[in-house]
Amino acid sequence: MKRENTTQSTRFRVQVDDDLSQIETYAPKLLQAFLRDLNHAPDRHAVWALLEQLCSDLGQRYVLYGFGYKRSETAADYHSQSNLPKEWKGWIDTLPRLAEIDYGRRHAITKLTAFAVGVEFIELYRRAGLLDPKYEEIIRRASEIGWRSGLFIPLRSTLREERGGFTIGGDLSEPEFRDFIKEHGWTISMAGVQSHNIYLSMLLREEAERFDLTSRQLEFLKLSASGFEVKEIAFSWGVSVQYVTRIRRELCERFGVTSKMAVMAKAVRLDLLTEKDFEVSQAMSTSWS
């Protein structure tokens, strides 16, 4: 399918003029175009628009992208996008134990291999003992809206423990889908992984800009990460313990958490702290006593 050398989105339009040399053109042409457009995407909305366009270019009907990460020991954040019908999303949101019965979510936590989804592969699920009755209902109801087969790409960021998946699918039969994957599997896999990396970097930048920490707050994080206690920080700054305690409280409020571990974890996630700033085990056990 011929594709114009521009990003396909009503939100933005960028003319791409960075031609590839012969040594850079071993990827499928559709993937080349997608990655060049992705490199010029200005925000997360643009990344999602490109994924929707890729789904259309591949002749498929549905695209889903989502991931979650632990915000603390008892709370987690989730980000997701899909072009599924609203009524389908509404039904899915009412299901209890969805994270437990959805094999895709469990798979993304333990494995990094892509796998087929949909009613066309339901017997393979059953033979492998992976078919929870409620999950079977999800698969069968998906076929009613024209989603009979698809490819799930697990996504993971080991640094911050983001885990999720990217799926493209439609109404192909099993034989048709196997041929489709032989032709486009590389494109789908690379598009999912690279989009996830770009999307995460944009999300982190947005979060950091939203928090807009002061120099004192940043310095406090780095000293705490190095193992300094509140009294020691106060002494080094030549201020009262109450002043340092107030900074600690402000950080908790800005990050929307209540514990020292959650604040430090959030700071690492936002790239405000790196491995050079602290040994995690030491900081978690000695800071803020």
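Structure data summary
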item: Nearest-0.05 FRET efficiency for SER56 and GLU206, computed from C-beta distance (R0 30 Å); result: 0.65
item: Computed FRET value (nearest 0.05) for HIS40 with ARG254, which takes r as the C-beta separation and R₀ as 35 Å; result: 0.65
item: Relative contact order %, region 212-276, counting alpha carbon pairs below 8 Å whose residues are six or more apart; result: 32
item: Length gained when the stretch LYS89-THR113 is fully extended (0.36 nm per residue, less Cα-Cα span); result: 6.1 nm
item: Amide hydrogen neighbours beyond the local backbone of LEU155, cut-off 5 Å, H modeled; result: GLY164, GLY165, PHE166
item: Rough spin-label spacing in nm, given labels placed 7 Å along Cα→Cβ, for SER240 and SER215; result: 2.4
item: Difference of contour (0.36 nm per residue) and Cα-Cα distance, LEU98 to LYS231; result: 43.3 nm
item: Solvent-accessible surface (1.4 angstrom probe) belonging to LEU151, in square angstrom, nearest 10; result: 20
item: Nearest-20 debye value, region 78-213 charge dipole, Cβ charges on Lys, Arg, Asp, Glu; result: 320
item: Rounded percent of accessible protein surface that carbon and sulfur make up, region 173-230, 1.4 Å probe; result: 53
item: Rounded accessible area per residue of region 47-123, 1.4 Å, Å²; result: 51
item: Rounded to the nearest 10 Å², the accessible area of MET202 at probe 1.4 Å; result: 10
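The values are calculated or read from the model by the stated rules, or taken from the named source; none is laboratory data. Being a predicted model, the structure only gives us computed values, none of them experimental. Quick reminder, even Gly has a Cβ in these numbers, built from the backbone with ideal geometry, and neighbours come from all protein chains shown. These area figures cover heavy atoms from the full protein model, side chains too; ligands, DNA and RNA do not enter into them. Shrake-Rupley method; radii C 1.70, N 1.55, O 1.52, S 1.80 Å.
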